[in-house]
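The values are calculated or read from the model by the stated rules, or taken from the named source; none is laboratory data. Predicted, not measured: the structure shown is a model, and the values here were computed from it. For neighbour counting, all protein chains shown are included, and Cβ atoms are generated from backbone atoms with ideal geometry for every residue, glycine included.
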Protein chains: 4
Amino acid sequence: MRNFASDNYATALPEALEAIAAANHGPAVSYGADDWTARLQERVREHFGAAAVAFPVFNGTGANIVGLRSMLKPWQGVICAATAHLNVDEGGAPEVLGGIKLLTVPTPDGKLTPELVDRRMVRIGDEHASQPGVVSITQSTELGTVYTPAEMAAIGEHAHAHGMLFHVDGSRLANAAASLDVPLRAIATDVGADVVSFGGTKVGLVAGEAVIVLRDDLTDPVRYLRKQTVQLASKMRFISAQLEALLTGDLWRRAAGHANAMARRLGEAVEGLDGIRLTQAVQANGVFAILPEGAAERLQEDFHFYFWEEHTREVRWMCAWDTREEDVDAFAAAISQLVGSLA
Amino acid sequence: MRNFASDNYATALPEALEAIAAANHGPAVSYGADDWTARLQERVREHFGAAAVAFPVFNGTGANIVGLRSMLKPWQGVICAATAHLNVDEGGAPEVLGGIKLLTVPTPDGKLTPELVDRRMVRIGDEHASQPGVVSITQSTELGTVYTPAEMAAIGEHAHAHGMLFHVDGSRLANAAASLDVPLRAIATDVGADVVSFGGTKVGLVAGEAVIVLRDDLTDPVRYLRKQTVQLASKMRFISAQLEALLTGDLWRRAAGHANAMARRLGEAVEGLDGIRLTQAVQANGVFAILPEGAAERLQEDFHFYFWEEHTREVRWMCAWDTREEDVDAFAAAISQLVGSLA
Amino acid sequence: MRNFASDNYATALPEALEAIAAANHGPAVSYGADDWTARLQERVREHFGAAAVAFPVFNGTGANIVGLRSMLKPWQGVICAATAHLNVDEGGAPEVLGGIKLLTVPTPDGKLTPELVDRRMVRIGDEHASQPGVVSITQSTELGTVYTPAEMAAIGEHAHAHGMLFHVDGSRLANAAASLDVPLRAIATDVGADVVSFGGTKVGLVAGEAVIVLRDDLTDPVRYLRKQTVQLASKMRFISAQLEALLTGDLWRRAAGHANAMARRLGEAVEGLDGIRLTQAVQANGVFAILPEGAAERLQEDFHFYFWEEHTREVRWMCAWDTREEDVDAFAAAISQLVGSLA
Amino acid sequence: MRNFASDNYATALPEALEAIAAANHGPAVSYGADDWTARLQERVREHFGAAAVAFPVFNGTGANIVGLRSMLKPWQGVICAATAHLNVDEGGAPEVLGGIKLLTVPTPDGKLTPELVDRRMVRIGDEHASQPGVVSITQSTELGTVYTPAEMAAIGEHAHAHGMLFHVDGSRLANAAASLDVPLRAIATDVGADVVSFGGTKVGLVAGEAVIVLRDDLTDPVRYLRKQTVQLASKMRFISAQLEALLTGDLWRRAAGHANAMARRLGEAVEGLDGIRLTQAVQANGVFAILPEGAAERLQEDFHFYFWEEHTREVRWMCAWDTREEDVDAFAAAISQLVGSLA
C-alpha cells in the first residue's frame, strides 16, 4: 500500500517501541505516579516552560475534550474554525461528553484571526446565548496551513483581553514547529496558550498525546477530568515513555520535519500541472488539491488517500515520518501522467 | 518495589511487546480497517462465538461506558452491585458521559443475584423513576470473587425475562475463566451476555481492552459510540495485535491463572493467622483482609497495597501475571511475623 | 410602555385566565391524568389528526429539547438554519441537555430548502462525523417569514427519503397558519412532520406549549423525556386548560391573525421610507429592518424593541395579540418623522 | 374524588389566581425584568435575608437541577438521603441534565445527619472517585418528617467545614416552617444553606417555585443555568406574581399549616388502630403507614393514594391546603372500619 491517506496509517518510530520495551521492567505505580511520567514532566518543562504540566492521554479527541472541559463553564462555548477537528471529526464528542457548543467561523484557510473571532463575540451577558469562553485553534491546521507565532499571539491576546481562554489543538504541533523552525514553546507558551493538546501519535508514536496545562488553576480540574473522560491510562508508564522519547533530543523535529518535507516535495511536483489546483499553501505535512473530474478515483486505484470535501471534490494527501521519497515521486509521476492524459 | 497494590502495576507480557513490534511494518489503514483487527475478529469469534464482534478500546472504564451507552435509552439505568467499578472507580464517567443512573444494590460479596436485582425492579413504567434497562455484573468481581456460569446464566435469564439487557464488566474475565477452568464463552456468550467489556491490560497487555458485542443490533451503535466516547484508536493495529496475541493459544489463561495462583498462595498462607480475617473467598487474583489495628500501615512500609474501605480498614492485595512466588512468600512471612508480634 | 420588543411581553388572553379559573375546582390527578388534559387530546386530534398526541410542557425551549431528544440517537445531529432558535436562543440547552450537535446552514431568510439540507448531508456512515438524524425548521421563522405548505412538504419528504425525521419548531405555528389561512394540520401533519413544538405562550397564554407527537413510536420516549427534561407540570390541568381554550373555536387564529395584521400594518407604513430597508418579507408578526445610523437608539427612548444582529445593526419589531392599532400608528409615525429628519 | 394521593392534586389558592389576573395588565418585559419579579425579590429578602436572590422557575425538579448545577464541579457529586426526591423521583434528570452523581445514604426517616454524611466522605482527592461537593437535604422530607433548625445547622456546618456546599430541597419548605413555627429563614439562611429550592406549587400555587441563592458567587451561574436548563419563563410576571402573593402576609404559613394539621388529624385518628403501623412521625403534611394485607387496595376503591414502597407495601397519605376536615374524618373512619373488620 502506498499511503497518502493519513499520518495515522504510518508505523511507529523505532524509538517509540524501544521506549516501551525499556519501560517494561518491574512494577510501577499505575495512573501516572511512575518514574517515566516524572521524567516526562521534566522534558515538558524544558519544551514548554517551567509552569507546564503534562497529562498523558490516549488520543487527540480525548486530549481536546479533557482540555476544553477544564476551561469552560457549562454555559460557555468555544470559538473555532468551521473546519476544526473539534467540529468535523470528533463524532459529536464535544457536544455529548462536554455539553460544549462550538461557535464556528468559516475561514478560507483553516486559520482564525482576531477579526474572525469577533464575529462570534456577540450577545455577551445574554443568558439566552452561549457565551464565548475559549478560542481554540489548530496548529498546524486541518488544511495543512501553519500560523506564525505572531498570528497566534494576536489571537491569544485577543482572547485574554475579552476574558476568554486560549486553547491550541496541537495534534500536529510538531509539524508546525518544524515548519516554522521554532521551538515548541514559541507556538504554545510564548503565544499565551492556556492549554495545548500535544500530539504524539501522528508524528510517530504507537499511541500517546498529552494535555499540556499552562495555567496552574487548571491542573486539578484536568486531573479529575482526564479520568472522568476515560483518558487515564492504567499502565501510564508506557505512554509517558513514548512521549519522553519523542521530546528527548530532536526526535520530534526530525520526524515531523521529514513528513513536512515529503508534503512539500509532492506539492512542488504537482503544483504547476494543468488541471490541478492546490487549494492551500503546503506548510506542514498535507497537500490539498482539486483534480480534473474522475482523476482522483483513478489515482485511488493505486494510492490511498481521501476526499476532503464531498461537494467540491477536494482531495487531501498526507505525508508521515515514514513516507519515502520514492513513493512521493511515484505518486507525483502518476498524477502528472494522469492529468496529462486527461488534458 | 514489591507490588500487591494492583494488577495495573504489572509489566506487560513479552508477547504483547512482540506483537506490537511485529505489527510495525508498513502503512495500515487507521481506525480498525487493518489486518490485525481483522485477525482479532477471528480470535474473538473462536472464543466468544460466531456472532461476536470486538471493538478494541483503550481502557476498561471506556469499554464499560461505550458498551452501556449502546444498551440504554436515556431514561434507563443500570442495576449493579454497589461495589461495581462503574459505581466507585470511574470518576462519575457513567453519569457525566452517558447520563447513566446506577441503580446500586448492596451485596455481601460483590455478586448480584436475581433476588438482589429484583430490589431495583420497581416502579416499572413510572416516568418519574429511572427505568431499569441493563443488569451489569463484574466477573471476576471487584472483591476477588467469581460467579459460576450457572449464577451468571440465572442473572442473564432474569434480565432478559424482564426486558433488560445483560452486561458483563470483564476487566478480569480471564481471571474468572481461569479460576473456573472454563472457556471464555462459558461466562459470556453461553450465559446470555449481550455486551462484555473484555480486559487485556490487567492480565498483561501494555494497553488494550475490547467491547465484545454479542447482539447484532448493537454493533452499529457501538461503532459510533466508541468514536464519540473518545475510545477509538487511530493506529488501532497496535491494540488489536496485542489482543490477538492474548487470545492466541492459551496465553490469556496462563497469565491469569498465574495471578490467581499467587493470590491463592497468599490467601492460604495467611488465612489461619490470629488477628487476620479474610473478608472474601479468594477465587481470582485478589485477597481482601482486615488486619489488627496499625498492622496494615506497618506492612505498607515494605510492600505496596491499598486500603479498600476507609471505614472498615479492609485492605486489598492483588497479584498479577508477573507476581513471583518468592515475593508472595516474603509478604506472607512479613504478615505472619507482624501479626504474631501484635498478638 | 409601548412594546414592539417581543410577543412575550404581551398579556395573556382573557380566555386563558378564564380557563385556569374554570379548572380550579376540586382535586385532579397530577402529571396529566386529568380531565382537562384528556379534552386537550381531543382538540389536538381535531387540529392535527387522529394520530396526534399532545404532551403539554412549560416553554418552547423545553418543547424543542424534549421533542428532539426523542427523535435522535446519541451520534446524530440536527440540520437547522443558522438562525434557528435552537442555535441562537436556547443558551446551549441542545448541546448540554441533549448532547445534540446542530448542523447549521446559513440561509437568506431563515428558511431551509432541500438543497440547503443537502449541504449538511455529508459523510453518511462515517463514525467520525455526527450523522444527520433530524431536519428541524421553524414555522413561522425567527425572521418573520413563513414556509408554504408545499415548501414544508418538500423538506419533509427529503428528510424521510434520507432516513431522517422532520421536526417543526412551531413556537409561532399559529401565526404561520393564520398568515397562510390554512388549518394547523396543513403545516404539520399534512407535510410529514414527525414532532411539532406547538406554541401557546407567544400567541396569548400565561404559559403553555405542547410537544405534538405524530409518530406512534415516539410517544413513549416523549413521556419519559418530558419528565427527565424538567418539563412535566405537576398541576398539569392548568396548562392543558389554557391550551384547550386556545384550540377551541378559532381563538388561536384570531389572536395570531391580529398580531400578524399589526406587523403587516407596521411594515406597510414604513416600507417606502427613505433610509429604511426592510430585510425580510413581513409574513407573520415580526418586522425586520435596518435604519439609518443612530435612529434605532433614538426610537428606543420611546419604544421597546431589540437589535436582532449586533454587526449589521438590524432591528426586530414584534407584534402580539394585544398590540393596538394606535400604538402601531404612533410607532410608524415616530419612525417616519425620525428618518425624515435624518435624511 | 377524595384526594390523599398528593398535594399536587390540590387546587390553586384563590390568591394565586388573583395575582395572575392582577398581573395581566399591559406589556411587561419578559424573562424577569418586570415589576412583579422585582417586588418578589423584596419579599424574598424579607423572608430569607438581605443577600437572598430569587430565580423563579417552573417546577421543583427544575429548581433542584438548576441549583445543584450551579454548586458543583463536573467531578463532584451530591450526598443525599437514598429517599431524596433527587434520587427517586426525578427520572434521572440529575444524571442526564447535570451529569450529577448522587452519593446516597440509607436513612431511617429520610433525614441526614453529619454522621450519615461522613459515610460518603471517602477517597477525598482520589480522581477515580466522584468527590463530594454538596450535601442536599429535603425539608420537610419525602417521608413527612421535619429537621429541627439545630439539625440543619449541624449539617450545614459539617458540609462547610469539609469544603462542601449546602443545598436544601424545600419543595415543602413552607410545611416545615409551619410545623416548626419558625420563619422561613430559620431553616434556610440561618442554618447556612447556600441554595434553596423553595416550593410554591405543592403549597397552593398554579405553578411556581424559586431557586433562592444565598451566596453571591452563585447568582450569575444560576442566571445562565436557569435558561439552559429550560426553566426560564418568558412571561415570568405570572410566576413571580404568584410567589409574591404566597410570601405576602402569612399566606404560605396558613396554607401549609392547614395541610399539616389535616395530616396530623389523620395520623392521630388512625395511630392506635390494630393492624396499622405508622412508619414515620407525622410532622408535616404526610402520613406513612403499613396496613394489613389487602387493606390498602380496598381503601383505594374510594380514596386516592399511592403505595410508597412496593416491597414493604407502605402507603403514603398526603394532605393539602384544600383538604377538608370532613374528608379526613371520612377517610379515618373508613380505615378504622376496614381494619376492624380485618382484625
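Assorted remarks:
- The test for being acidic (Asp, Glu) and under 19 Å from the mean Cα position of the chain (by Cα) holds for residue D:322.
- Restricting region D:4-58 to residues that are of a type in the set (Phe, Trp, Tyr) and away from every other protein chain (no Cβ under 11 Å) leaves a set whose member that is surrounded by the fewest Cβ atoms within 10 Å (Cβ to Cβ) is D:36.
- Taking the conditions (1) surrounded by 24 or more Cβ atoms within 10 Å (Cβ to Cβ); (2) free of Cβ contacts under 8 Å to residues at least 60 places away in the same chain; (3) not acidic (Asp, Glu) in turn, residue A:188 satisfies each one other than (2).
- Residues of region A:155-177 satisfying the condition of being in a helix (DSSP H, G or I), of a type in the set (A, V, I, L, M, F, W, C) and closer than 22 Å to residue A:64 by Cα: A:155, A:159, A:173, A:174, A:176, A:177
- Among the residues listed as C:63, C:82, C:54, the single one being touching a residue at least 12 places away in the same chain (Cβ under 8 Å) and more than 30 Å from residue C:247 (Cα to Cα): C:82
- Residue-level check: of (1) in contact with a strand residue (DSSP E or B) (Cβ under 8 Å, 6 or more places away or on another chain); (2) within 11 Å of chain A (Cβ to nearest Cβ); (3) crowded, with 22+ Cβ neighbours inside 10 Å, residue C:93 misses just (1).
- Pick from region C:230-253, criterion under 13 Å from residue C:209 (Cβ atoms) and part of a helix (DSSP H, G or I), ranking: farthest from the other protein chains (Cβ to nearest Cβ): C:252
- Residues of region A:247-306 that are among the aromatic types (Phe, Trp, Tyr) and farther than 26 Å from residue A:108 by Cα: A:252, A:303.
- Residue ID - farthest from residue B:8 (Cα to Cα), chosen from residues in region B:178-207 that are outside any loop (DSSP other than H, G, I, E, B) and among the charged types (D, E, K, R): B:190
- Conditions (1) surrounded by fewer than 22 Cβ atoms within 10 Å (Cβ to Cβ); (2) at the interface with chain A (Cβ under 10 Å from one of its Cβ atoms); number of the one not met by residue C:108: (2)
Quick grid of which residues meet (1) farther than 30 Å from residue C:98 by Cβ; (2) assigned by TED's automatic domain parsing to the domain that holds residue B:145; (3) in a loop (DSSP other than H, G, I, E, B); (4) among the polar types (S, T, N, Q):
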{"residue": "B:79", "(1), (2), (3), (4)": "no, yes, no, no"}
{"residue": "B:95", "(1), (2), (3), (4)": "no, yes, no, no"}
{"residue": "B:102", "(1), (2), (3), (4)": "no, yes, no, no"}
{"residue": "B:107", "(1), (2), (3), (4)": "yes, yes, yes, yes"}
{"residue": "B:111", "(1), (2), (3), (4)": "yes, yes, yes, no"}
{"residue": "B:116", "(1), (2), (3), (4)": "yes, yes, no, no"}
{"residue": "B:121", "(1), (2), (3), (4)": "no, yes, yes, no"}
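- Boolean, residue C:102 is under 27 Å from residue C:316 (Cβ atoms), more than 10 Å from every other protein chain (Cβ to nearest Cβ) and under 20 Å from the mean Cα position of the chain (by Cα): no
- Identity of the residue in region D:279-316, under 21 Å from the mean Cα position of the chain (by Cα) and aliphatic (A, V, I, L, M), that ends up farthest from residue B:119 (Cα to Cα): D:284
- The sole residue among B:23, B:38, B:12, B:28 that is over 16 Å from residue A:12 (Cα atoms) and touching a residue at least 60 places away in the same chain (Cβ under 8 Å) is B:12.
- Neighbours by Cβ (under 7 Å, 6+ apart or cross-chain): first from region C:135-148, closer than 11 Å to residue C:193 by Cβ; second of a type in the set (Ser, Thr, Tyr): C:137/C:147; C:139/C:147
- Those residues of region A:203-243 which are buried (at least 24 other Cβ atoms within 10 Å of the Cβ), charged (D, E, K, R) and more than 19 Å from residue A:60 (Cβ to Cβ), in sequence order: A:235, A:237
- Listed by first and then second residue, the pairs with beta-carbon distance under 9 Å, at least 6 apart or on different chains, first residue in region A:211-229 and within 12 Å of chain D (Cβ to nearest Cβ), second part of a helix (DSSP H, G or I) and aromatic (Phe, Trp, Tyr), are A:227/A:31.
- Selection within region D:58-77 - out of contact with any Lys or Arg (no Cβ under 6 Å at 6 or more places or on another chain) and assigned to a strand (DSSP E or B): D:76
- Failed item, numbered, when residue D:147 is tested on (1) within 12 Å of chain B (Cβ to nearest Cβ); (2) part of a loop (DSSP other than H, G, I, E, B); (3) more than 24 Å from residue A:100 (Cα to Cα): (1)
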